[in-house]
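Engineer: Please read through the structure below; I'll follow up with questions.
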Amino acid sequence: MNTDRPTTGSFQRKMQARHVVMLSLGGVIGTGLFLSSGYTIQQAGPLGTILSYLIGALVVYLVMLCLGELAVHMPETGAFHSYASRYIGPATGYTVAWLYWLTWTVALGSEFTAAGLLMQRWFPEVSVWVWSGIFALLIFLMNALTVKIFAESEFWFSSVKVLTIVLFIVIGGAAVVGIVPMADSSSAPWFGNITASGWFPNGATAILMTMLAVNFAFSGTELIGIAAGETADPHKTIPKAMHTTLWRLVIFFIGTIIILSALLPMDDAGVLESPFVAVMERIGVPYAADIMNFVILTAILSAANSGLYASARMLWSLADKQTISPWFARLTTRGVPLNAMIFSMLGGGLALLSSIIAPDTVYITLVSISGLAVVAVWMSISASQFMFRRAYLREGRALQDLAYRTPWYPVVPILSFLLCLASCIGIAFDPTQRIALYCGVPFIAICYGVYYVQHRTKRRGQAND
């Protein structure tokens with residue numbers, strides 16, 4: 001850690017395994033599952049959606065296997081770009097850091113937009129942006145507390161989400177087999193709805209086209225790596241948190257998507273209203289739709305809470321490595337990077353403003369941009385682990401000395417990289433999501449360009465000295 005940066009505090013290793021698990025789950029279980037899953041069902045069909053999420057689960061599992069080795073061996077705050085800088089190249093590390101910041105700051109806009117949309121159910125006369133602004137202020141204040149208070153509050157927020165998903169799977173599963181009657185007194189749907197419109201109503205290529213939205217739904221698992229620098233005993237905590245998070249995600253996501261696909265016809269899977277709410281209304285559980293709407297609202301705010309945490313830590317890490325202004329490296333006496341947090345909220349605010357212009361279309365646009373950014377970060381994690389292992393062995397060090405080892409090397413990093421690349425290619429065929437390429441590719445080019453200009457200027461300054 002650079003000791004020259006101005007600071008009035010330091011990060012504190014206060015997070016336990018349960019905090020890290022719930023932080024990761026809190027980042028994952030948000031709009032990607034509760035809202036954009038409806039878009040995926042519309043595009044890929046019920047069966048295609050189940051396959052998409054199975055592939056997404058495989059991708060995130062492989063990426064996390066790669067991240068585990070890196071995070072346990074080198075636990076630090078803002079880890080991803082440090083790994084990329086060291087084992088791929090400093091320009092790539094710089095770009096990865098900004099991409100991950102973009103992932104979460106744009107996600108903040110989508111979370112706040114989604115929260116405002118959900119409030120329309122109860123207050124249709126109030127504009128979306130009013131509620132979005134209120135929730136943005138709330139999340140900022142929650143993040144300004146100490147990391148221990150933040151982690152504890154996120155633990156309980158995420159616990160509510162996990163309990164809700166478990167109850168949804170149980171109630172939905174009972175409705176599928178006829179134990180719980182449907183609101184219209186129709187017979188048990190079983191799983192006939194999954195293929196009611198055909199196996200792949202929009203073609204098998206629709207699965208590839210929806211992979212970016214699916215990957216966005218799984219984004220947040222990598223928060224385990226971000227939190228490594230503030231985790232107690234990371235060599236034990238990180239592997240435990242990683243495995244616990246992965247199996248819970250697979251059960252929650254795949255189980256939820258099967259229930260949604262079985263009970264919700266693809267033509268009714270809207271984006272603006274949560275498919276969860278639509279399913280609960282079909283089942284007819286008294287007040288269940290309003291209760292679910294409230295829970296989803298808290299889930300979205302929880303994901304935004306995790307997102308602001310991640311984006312602020314990434315900016316702090318960039319400043320700590322002296323690649324951006326040291327102003328972002330300042331910490332409060334409670335160990336909070338307040339300046340970095342303010343700047344991240346400004347980025348989320350810009351994304352939020354677009355909801356005023358086009359609230360009906362902005363959500364999928366934000367999801368696509370954020371999804372592309374996080375997939376690029378996942379690719380960097382896979383490539384970093386591949387290069388790290390090669391460098392580690394080339395130095396003559398023993399593989400047994402690694403506290404955690406990525407299994408099936410080099411198959412895991414190569415396969416995870418290629419699957420992530422395929423999802424990036426897939427969106428080129430979807431007009432709705434193609435804007436992510438128009439925004440993401442120039443953003444990456446600008447990051448590389450800015451780095452090289454800064455590097456050249458710094459070298460000239462050193463030469464003049």
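Quick note: the coordinates plus some simple rules give every number you see, no bench work behind them. In this text the structure is predicted, and so the values were computed from the model without any measurement. We place every Cβ from the backbone using ideal geometry, glycine too, and count neighbours over all the protein chains shown.
Engineer: In the stretch 54-152, which GluC sites (Glu not before Pro) fall in coil by DSSP and have 14 or fewer other Cβ atoms within 10 Å?
Structural biologist: E125
Engineer: Also, quick follow-up: With each label point set 7 Å from Cα along the Cα-Cβ vector, what nm distance links D290 and L415?
Structural biologist: Going by the 7 Å Cα→Cβ label model, 4.9 nm.
Engineer: Then there's this: Can you pull out the chymotrypsin sites (Phe, Trp or Tyr not before Pro) in the stretch 267-341 whose DSSP state is coil and whose Cβ has at most 14 other Cβ atoms within 10 Å?
Structural biologist: Sites meeting the loop and neighbour criteria: Y287.
Engineer: Here's another thing I want to ask about it. Convex hull over the alpha-carbon atoms of the stretch 129-215: what's its volume per residue in Å³?
Structural biologist: Considering the Cα atoms of the stretch 129-215, their hull volume per residue is 183 Å³.
Engineer: Say each of K240 and L54 gets a label point 7 Å from the Cα, pointing the same way as Cα to Cβ; how far apart are those two points in nm?
Structural biologist: 3.4
Engineer: Points 7 angstrom from Cα along the Cβ direction at A445 and F200: gap in nanometres?
Structural biologist: 3.2
Engineer: Please compute the length gained on full extension between V250 and Y452, using 0.36 nm multiplied by the number of residues separating them and subtracting their Cα-Cα distance. Could the numbers behind the result be given before it?
Structural biologist: Numbers: separation 202, 0.36 × 202 = 72.72 nm, distance 4.07 nm.
Contour length minus Cα-Cα distance gives 68.7 nm.
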